[in-house]
Amino acid sequence: MTTIRPLEPADRAAWEPLFRAYLEFYESELPKEQYDITWSRFHHDDEPLQALGAFDENAKMVGIVHVVFHRSTWLPDMTCYLQDLYVDSSQRGRGVGEALIEKVALLARDQNAGRLYWLTQEDNTAARRLYDRVAVAPGFIQYRKPL
């Protein structure tokens, strides 16, 4: 049984290895101070960021999801961006990722968000099997301009 709940300050030590593993999967790394900044943002009421954790039957954190609420020019209400989703490799295929997405969907509905969306790499086939089952791919391509 998986329990999904907002992350609390005491969860930092369990959150960071999962976030680091997520970044490693995407061949990225951040300076230590960015982990501190991000963690701090999750716990400030004036920030649009939220973090949830998935906990197994032994209360071990086995998955994380980061959420950003923002305004949109296309919708009258808030939009919910599921920014980061990661499930420990030992827990994949057990419904943890889907449970995290469903919890974010509930959170988005509670905030009257008009849309929930996320991105993934084209070749992330394992995650895309889940995403294709629970959502619709709109066909957009992302571009980035270095600043």
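The values are calculated or read from the model by the stated rules, or taken from the named source; none is laboratory data. Note that the structure is predicted; figures quoted are calculated from it, not measured. Neighbour counts are summed over all protein chains in view; Cβ atoms, including those assigned to glycine, are modelled from backbone coordinates with ideal geometry.
Just a few scattered comments:
- Complete set of residues in the stretch 46-90 that are in a strand (DSSP E or B), without any contact (Cβ under 8 Å) to a residue 40 or more places away in the chain and farther than 22 Å from Ala126 by Cβ: Leu49, Val68, His70, Thr79, Cys80
- Of the residues making up the stretch 62-82, at least one is surrounded by 15 or more Cβ atoms within 10 Å (Cβ to Cβ), among the polar types (S, T, N, Q) and over 19 Å from Leu7 (Cβ atoms).
- Qualifying residue in the stretch 24-45 (condition: outside any strand (DSSP E or B) and in contact (Cβ under 8 Å) with a residue 60 or more places away in the chain): yes
- Single unsatisfied condition, Ser90 versus (1) exposed (fewer than 12 other Cβ atoms within 10 Å of the Cβ); (2) farther than 17 Å from Leu130 by Cβ; (3) among the small types (Gly, Ala, Ser): (2)
- Residue count for the stretch 116-134 under the criterion of being assigned to a loop (DSSP other than H, G, I, E, B) and touching a residue at least 24 places away in the same chain (Cβ under 8 Å): the result is 2.
- Yes/no for Leu18 being modelled with pLDDT of 95 or more, surrounded by fewer than 17 Cβ atoms within 10 Å (Cβ to Cβ) and farther than 18 Å from Leu106 by Cβ: no
- Considering Phe42, Phe55, the condition of being crowded, with 16+ Cβ neighbours inside 10 Å, over 20 Å from Arg92 (Cβ atoms) and not small (Gly, Ala, Ser) is satisfied by Phe42 alone.
- Gly93 being without any contact (Cβ under 8 Å) to a residue 24 or more places away in the chain, among the small types (Gly, Ala, Ser) and either closer than 19 Å to Met1 by Cα or in contact with a Cys (Cβ under 7 Å, 6 or more places away or on another chain) (or both): yes
- Looking only at residues in the stretch 1-15 that are in contact (Cβ under 8 Å) with a residue 24 or more places away in the chain and part of a helix (DSSP H, G or I), the one that is surrounded by the most Cβ atoms within 10 Å (Cβ to Cβ) is Trp15.
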